[in-house]
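Below is one structure; the comments refer to it alone.
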Amino acid sequence: MEPPFHKALRIAALAAACAISACSGGGVASNGQQVNVNGGTPAAGGGNSGGSNTGNAWTPGLFQPAGTFAAQCVNPRSGIDPATSLPFPDVQGSVTSENDWLRSWSHELYLWYDEIVDRDPATLPTPAYFDQLKTFATTPSGAPKDRFHFTVATSEWQQLSQSGISAGYGVQWAVLSSAPPREVVVAYTEPGSPASTPPADLARGARVLEIDGIDVVDSSDSTSLALLNAGLSPAQPGESHLFTVLDLGAAAPRTFTMTAAVVTSDPVQNVSTLDTPTGRIGYLLFNDHIATAEGELIDAIATLEAAGIDDLVVDLRYNGGGFLFIASELAYMIAGPVPTAGRTFERVRFNDKHPVTNPVTGTPLTPVPFIDSSLGFSAPPGQSLPTLDLPRVFLLTGPGTCSASESIINSLEGVDVEVIQIGSTTCGKPYGFYPADNCGTTYFSIQFQGVNDKGFGDYPDGFSPANTPGFAGAVLTGCSVADDYDHALGDPAEARLAAALGYRDNGACPAPSGAASPGLTKTITRAERDGRLVRPPWREIRTLVP
Amino acid sequence: MRRRFALLAPLIVAAAACRPGAVREDVPALLVAPTPAARDEVAAAIASALRGTPISIAPDALTKASLLTLERREPAGPERRTATGRVLGMPERFRLVTDGSRCYLVHESGTARVELLRAECVPE
């Protein structure tokens, strides 16, 4: 028999399909009713179609439904929209009509719509106008309240990739110091990838000294930096670069050629147990909430359950999130059925115009439960999930711990499963969006906040262990510990895992060393030690600076 | 698939023929040594099911597991990195199946079912 949540999920997935496919130019009226995207009258090209109720001129504080202005483009697209299989709805419009759509869409859906300063849509180019359609308030740490306001070309956003594949070496670089004396190290590698097999044989902690003969540590000219960045993040399979690295503990560097390939990432690694005088501890490294993680997490928890562990350490330090339902499954597998029965994993909260209905999908705002059976991401659907039934869990975190990973923390706290946080402050993103296309640009504007069973979701400055130096985000029990690239992940001597084991034994932390709220981190310094992750090509930040 | 099933096929057909009304059931399958043409056929079938959405799949896709999931790429940029951090819903899912004589690609999160003419497969 299909579990109730699976049925609800099928319905929600159908409704969400539009949303995750970058809905084309839709919108809702201020009364919450869906608006036909083609329901408006095309604006006169180049004129001020206005954002007022009259449709002729901008009147501050008056908004027509976004649908009135949808798909009225400076450069209308032609052909078939792959998101709908229908011809693109675009008609000739203007910068102002595109801005009008953004203005109304933001007024309808932006989480903090009442903090947007209403500006004349005829006065700015569209990218600059969009940049103004957000709050400019700051969080308690002084960081911008909205750090997640951006656009992507719709043609780029519509691309899909097989779960976990990327063109690269299969190494996660971490930049410990982005300016000279620069330090780039290996955070982890993917099994079977060019990075983890001969001739590279890279392991965590290896320091990159040269790429294609260019000094990584001290180069500062722009040409060298461009070449170094290109070498760190190859664009295509088959691309080769010459690396000189100093392996952890090695006396002398070595040089080898590494060739990029299509790499499949392994989101769950190093599943193991540690026997201590006070009990058996389970450990797993969980790097990404991609579809293939579901099956691997189920296998990992089943293994640890069979091993009879007394405590669990989940290493989330590099996990930037992904599918929220996978986060719910893992939270359930940690906590078990008793504390989670009938409780909410996460409730999505839109702005105050939409208290009961998801304004994008039109479905009721039902909370995401703790999911107790597999959903079919990569495991057969409908299988009861194994559980550890633990009253507490140790989570290793860093600034790369974000979004769905933070939902694991928040949801467990919401049902009184103790989260002991070891590491640095997390990224602070309790928010989400339904990206929307208009005229070939997909807009990301925060539309909802996730809250736990207790209604808590205010962690814009992240979660911080209690003894974090400087400004802390939402404080949890635990220890502030910087990342330790001198030991392998899962090694009991690795600083964060060692601190978890020590805290478990005696409730004491080592001297705090982790980073504070990422909102306060302007530059990376060697002392912070947490580093910044260098992502695969399409995720790449040009990280090295003069 | 056809190669490996060549010897068994008559047996399967005969067995099915002995049971009036018997219907061959799909079973999950794996591609066997896919040729470039077979990989192209798989990619084309997926793209067609997704209405022409550009896709990227690994050369060894469907050779190790019958389920293939497709997700959005995380766009470039420091703030864009969070675009895929809190995703509601499910990925696109395709399953390779065989009925004992032919290979099909089934869009589990949709409705498409495409026979693959250039691919060889065996039960998973």
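Each of A:289, A:487 was scored by other Cβ atoms within 10 Å of its Cβ. Arranged with the fewest first, they read A:487, A:289. Phi angles of the stretch B:33-38 translate, via the Karplus equation with coefficients 6.51, -1.76, 1.60 and θ = phi - 60°, into HN-Hα couplings of 6, x, 7, x, 5, 5 Hz per residue; Gly and Pro are given as x.
Across peptide A:488-501, the mean count of Cβ atoms from other chains lying within 10 Å of each residue's own Cβ comes to 0. By the count of neighbouring beta-carbon atoms within 10 Å, fewest first, B:74, A:406, A:239 end up ordered A:239, B:74, A:406. Label point of residue A:302 set 7 angstrom out along Cα-Cβ; within the stretch B:53-74, amide nitrogens under 18 Å from it belong to B:65-67. Where the centroid of each part is defined by its Cα atoms, how far is the stretch A:252-307 from the stretch A:53-96 in Å? The stretch A:252-307 and the stretch A:53-96 have Cα centres separated by 47 Å.
Let me know the shape class of the stretch A:236-276, please: from the alpha-carbon gyration tensor, a ≥ b ≥ c as square roots of the eigenvalues, rounded when a/c is under 1.5, otherwise prolate if a/b is greater than b/c, or oblate. Oblate shape, in that a/c is at least 1.5 and b/c is the bigger or equal ratio. Under 12 Å between alpha carbons, and skipping anything fewer than 8 positions from residue A:134 in its own chain: which aspartates and glutamates qualify? Once the sequence-local aspartates and glutamates are set aside, what remains near residue A:134 is A:114, A:115, A:118, A:146. Spin-label pair residue A:254-residue A:229: with each label point 7 Å from Cα along the Cα-Cβ axis, the two points sit 3.1 nm from one another.
Each of A:118, A:288, A:81 has some number of other Cβ atoms within 10 Å of its Cβ, and from fewest to most they run A:118, A:81, A:288.
Placing dummy labels 7 Å off each Cα toward the beta-carbon, the span from residue A:486 to residue B:44 is 5.8 nm. How much of the DSSP beta bridge set in the stretch A:369-474 is antiparallel, as a percent to the nearest 5? Here the antiparallel bridges make up roughly 45 percent for the stretch A:369-474. For residue A:276 and residue A:179, a Förster radius of 45 Å and the Cβ-Cβ distance give a FRET efficiency of 0.65, rounded to the nearest 0.05. The mean number of Cβ atoms from other chains found within 10 Å of a Cβ in peptide B:89-97 is 6, as a whole number. Per residue of A:209-215, other chain Cβ atoms within 10 Å of the residue Cβ number 0 on average. Straightening the chain between residue A:384 and residue A:114 buys 92.8 nm, computed as 0.36 nm per residue apart minus the Cα-Cα spacing.
Amide H contacts for residue A:398 (H built 1.01 Å from N in the peptide plane; partners 5 or more residues away or on another chain; cut-off under 5 Å): A:424.
Any read-out appearing in this document is the output of simple, stated calculations on the displayed coordinates, not a laboratory observation. Model, not experiment: these values are computed from the prediction. In this analysis, Cβ positions are derived from the backbone assuming ideal geometry, glycine residues included, and neighbour counts consider all displayed protein chains.
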